[in-house]
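Remarks on the structure that follows.
The values are calculated or read from the model by the stated rules, or taken from the named source; none is laboratory data. Everything numeric here is computed off the predicted structure, so don't read it as measured data. Every residue, glycine as well, gets a Cβ built from its backbone with ideal geometry; the counts of neighbours run over all protein chains shown.
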Amino acid sequence: MSSPHLPNPSGLPPERARARALRVDHAGEYGAVRIYAGQRAVLRDPQTAPLLAHMEEEERRHLRAFEKRLADEGVRPTALLPLWHVAGFALGAATALLGREAAMACTVAVEEVIDGHYARQIAELAPRDPELAATLESFRADELAHRDTGLAEGAERAPAYPLLSTVIKAGCRIAIALSEIL
């Protein structure tokens, strides 16, 4: 299927660059679903469980959209999905074990990285593929709402918040880079 091109800072042929971008966005949404699954496995209190379930369902909606795009365009997912399956759940569970605020700190850190990632893609896509740019903008709005929810729910009160946030953000950036190339 021929379609407009996503950002191509790598100099790859346009279709290959598009496949790479779709692959990494799919991987990110997959990882987000797994993070929330890990958090929900640990945090079952009546105040937190519905909040996490709501955010997880929004991530599932994003994931389904990218699964459809990958199938429609014949793009394979990242070879690292088995790793993201385990790592996402482990990150969610580990932060939840540190407490509700640490789980929210995880959400904030992840969503801040994804916000920047989507913002760059949207800026480059808007002139060539306004439909996909609009989809990403909608997803980005959801991600920013998740970040805001995490902040409102006490993320900054998490133990060692600056360190926790820095480590999670670094991990997200590494996951993005690896998912683009593998």
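Below is a table of values for the structure above.
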{"read-out": "The stretch 45-59 residues that are in contact (Cβ under 8 Å) with a residue 12 or more places away in the chain, paired with ones that are hydrophobic (A, V, I, L, M, F, W, C) and not in a helix (DSSP H, G or I) (beta carbon under 9 Å, 6 or more apart)", "value": "52/43"}
{"read-out": "Selection count, the stretch 62-81, where residues are touching a residue at least 12 places away in the same chain (Cβ under 8 Å) and of a type in the set (Lys, Arg)", "value": "2"}
{"read-out": "Residue within the stretch 125-136 that is in a loop (DSSP other than H, G, I, E, B), surrounded by 16 or more Cβ atoms within 10 Å (Cβ to Cβ) and of a type outside the set (Phe, Trp, Tyr) present", "value": "yes"}
{"read-out": "Filter result (within 13 Å of residue 164 (Cα to Cα) and surrounded by fewer than 24 Cβ atoms within 10 Å (Cβ to Cβ)) within the stretch 92-101", "value": "94, 98, 99, 101"}
{"read-out": "Qualifying residue in the stretch 150-160 (condition: crowded, with 18+ Cβ neighbours inside 10 Å, at pLDDT 95 or above and of a type outside the set (A, V, I, L, M))", "value": "yes"}
